[in-house]
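All remarks here apply to the structure that follows.
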Amino acid sequence: MAVNYLPADAREIVALIQAAGRRAVAIPGDIRSEASCQRLVAEAVRQLGGTHILVNNAARQHSVTSLLDLTTAQFDWTLKTNLYAIFWITRAAPPHLQPVAAIINTASKQAYDPPLNLVDHSQTKAATVNFSKSLAKRPAPKGIRVNAVAPGPAWTPLQRSGGPGAQ
């Protein structure tokens, strides 16, 4: 398993994976950069010898009390993290995926029931669902499955970093 991360975020996850007897590699990078996403896929393939499952599970959310409080910089950061990155990573993966491979994109309940305080996050999760549906039609004949999953509420550092009222 390859884990992409910002500095210091991956150590605990990699240790847990390795403690379960599985191989894990940590690959640093900022997925808001197309070049970083391309390096992530290439490095994962190099270090692990290929890829069978691609899981796009990164997200950013920032709670705001009003649309007027959502800055263009915050909006851009959320879209690049939640939407551009899954596009760039998924686009880099097909040459390394074989039949019976899977692409799994993490959506959210916000895609279906958006709260007032997470306008940008909710937009990206709805787009992730649509991206997954559209993408599923393309590789299916090659035996590559594509799914979007909305796992439900989970307490993660994402909520703590999203400010008061983040869900």
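All of the numbers you see were taken from the coordinates with simple rules; none came from a lab. All of these numbers come straight from a predicted model, not from anything done at the bench. In this analysis, Cβ positions are derived from the backbone assuming ideal geometry, glycine residues included, and neighbour counts consider all displayed protein chains.
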Original post:
What are the residues whose amide H is under 5 Å from the amide H of V55, where those residues sit 5 or more places off or on another chain and H is modelled from the backbone?
Top reply: I104
Subject >> Inter-label distance for I104 and K142, nm, one decimal - labels placed 7 Å from Cα along Cα-to-Cβ >> reply: 2.1 nm
Original post:
Tell me, what HN-Hα J-couplings in whole Hz come from the Karplus equation 6.51 cos²θ - 1.76 cosθ + 1.60 at θ = phi - 60° for each residue of the range 57-64, using x for Gly and Pro?
Top reply: 10, 8, 7, 9, 9, 9, 6, 10
Original post:
Okay, which of the range 69-104 sit inside 17 Å, backbone N to the point 7 Å along the Cα-Cβ direction of A42?
Top reply: 88-97
Original post:
Farthest toward the dipole's positive end in the chain, which of L54, H96, L79, given Cβ charges of +1 (Lys, Arg) and -1 (Asp, Glu) about the Cα centre?
Top reply: H96
**OP:** Please name whichever of A35, G143, T106 sits farthest to the positive end of the charge dipole of the range 2-161, dipole taken about the Cα centre and charges placed at Cβ: Lys and Arg +1, Asp and Glu -1.
**Re:** G143
Subject >> Separation of the D30 and V55 label points, Cα + 7 Å toward Cβ, nm >> reply: 2.6 nm
**OP:** Only one of the values (i) 39, 38, 28; (ii) 47, 37, 28; (iii) 47, 38, 25 was calculated from this structure for Cα extents along the principal axes in Å; name its label.
**Re:** (ii)
Original post:
Amide H neighbours of A148 under 5 Å, counting only residues 5+ apart in sequence or on other chains, H built in-plane at 1.01 Å?
Top reply: N105
Original post:
HN-Hα J couplings of the range 109-126 from phi, Karplus 6.51/-1.76/1.60, θ = phi - 60°, integer Hz, Gly and Pro as x?
Top reply: 4, 5, 5, 10, 9, x, x, 5, 8, 10, 4, 5, 4, 4, 4, 5, 6, 5
Original post:
Which aspartates and glutamates have a Cα lying under 20 Å from the Cα of K109, excluding residues fewer than 8 positions away in the same chain?
Top reply: D120
Original post:
When L16, L54 are ordered from fewest to most other Cβ atoms inside 10 Å of their Cβ, what list results?
Top reply: L16, L54
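Divide by every residue of the chain the summed helix terms, -39500 (n - 2.57) for each DSSP H run of at least 4, and state the resulting mean residue ellipticity at 222 nm, rounded to the nearest 500 deg cm²/dmol. Display every interim value, and only then the final one.
Values: 6 runs with 64 residues, N = 167.
The helix contribution divided over the chain gives -11500 deg cm²/dmol.
Under a point-charge model restricted to the Cβ atoms of Lys and Arg (+1) and Asp and Glu (-1), what is the dipole moment magnitude of the chain relative to its Cα centre, in debye to the nearest 20?
Values: 17 positive and 9 negative charges, 131 e Å.
Charge dipole of the chain: 640 debye, to the nearest 20.
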**OP:** Would you list which aspartates and glutamates come within 18 Å of K125, measuring only between C-alpha atoms, while excluding same-chain residues fewer than 8 positions from it?
**Re:** D76, D113
Subject >> Two-site FRET efficiency, N130 against S66, from Cβ-Cβ distance with R₀ of 25 Å, rounded to 0.05 >> reply: 0.40
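For a quick check: sort K109, K125 by the number of other beta carbons within 10 angstrom, fewest at the front.
Values: K109 15, K125 25.
Ascending number of Cβ neighbours within 10 Å: K109, K125.
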